[in-house]
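Just below is one structure, and these are the notes that go with it.
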Amino acid sequence: AYARENESAVYFLTDERGHKDEELERDDNVCLTFAEPDDGKYLVVTGRARLLDDRPLIRDLWDTAAEAWWEGPEDSGVRVIEVTPEDAQFWEGPHGLVAAFGMTVAAATAGPPLVGDQRKVDLH
């Protein structure tokens with residue numbers, strides 16, 4: 001994922017042979033999930049997506065990871081999925097032993113576990 005806050009978009013390189021154009025024509029609603037479980041951080045973003053054949057943008061997003069999939073940014077199969085976020089939710093809480101201890105205490109006391117902070121952002 002290539003997040004560009006100043007463009008209010010998240011981009012992904014994809015391959016035209018993956019039929020994403022057909023999927024997005026049927027339903028352009030998407031849900032992106034990101035996690036750093038070792039740090040107890042989780043992000044869910046919902047929004048609208050569209051498929052682009054934008055060579056300058058592909059060249060701009062190109063990196064060494066993309067080279068594993070395509071010959072280069074001029075490869076005719078490379079496309080960009082542009083996601084315009086509409087809503088985001090972020091969770092941050094205890095993880096590892098702290099989370100396990102919290103769940104154990106909650107089970108023993110019949111109370112809810114302390115799961116940390118949750119924030120929701122409307123991006124309209």
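The values are calculated or read from the model by the stated rules, or taken from the named source; none is laboratory data. Keep in mind that this is a model prediction, so the values were computed, not measured. Reconstructed Cβ throughout: ideal geometry from the backbone, glycine too, with neighbour counts over all protein chains shown. Ligands, DNA and RNA are stripped out before the accessible areas are found, and what is left, the full protein with its side chains, is counted by its heavy atoms. Shrake-Rupley method; radii C 1.70, N 1.55, O 1.52, S 1.80 Å.
Among the conditions (1) modelled with pLDDT of 90 or more; (2) over 17 Å from residue 82 (Cβ atoms); (3) among the small types (Gly, Ala, Ser), the only one that residue 66 does not satisfy is (2).
Of all residues in the stretch 1-34, those that are open to solvent by less than 80 Å² (accessible area, probe 1.4 Å), of a type outside the set (A, V, I, L, M), within 15 Å of residue 79 (Cβ to Cβ) and in contact (Cβ under 8 Å) with a residue 12 or more places away in the chain total 8.
Of the strands (runs of 3 or more DSSP E) contained entirely in the stretch 1-88, those carrying at least 2 residues that are among the aromatic types (Phe, Trp, Tyr) fall at 9-15. Within the stretch 87-96, can you find the residues that are over 17 Å from the mean Cα position of the chain (by Cα) and either surrounded by 12 or more Cβ atoms within 10 Å (Cβ to Cβ) or under 25 Å from residue 46 (Cα atoms) (or both)? Result: 93, 94, 95.
Within the stretch 69-97, the set of residues being at pLDDT 55 or above and of a type in the set (A, V, I, L, M, F, W, C) comprises 69, 70, 78, 80, 81, 83, 88, 90, 91. Candidates in the stretch 60-86 are the residues that are open to solvent by less than 30 Å² (accessible area, probe 1.4 Å) and within 21 Å of the chain's Cα centre (by Cα); of these, the one that is farthest from residue 49 (Cα to Cα) is 66.
For the stretch 33-48, the count of residues that are modelled with pLDDT of 95 or more and of a type in the set (A, V, I, L, M) is zero. Here's a check for you: in the stretch 35-53, which residue that is open to solvent by 70 Å² or more (accessible area, probe 1.4 Å) and either closer than 16 Å to residue 85 by Cβ or in contact (Cβ under 8 Å) with a residue 60 or more places away in the chain (or both) is nearest to the chain's Cα centre (by Cα)? Per the stated criteria, the residue is 42.
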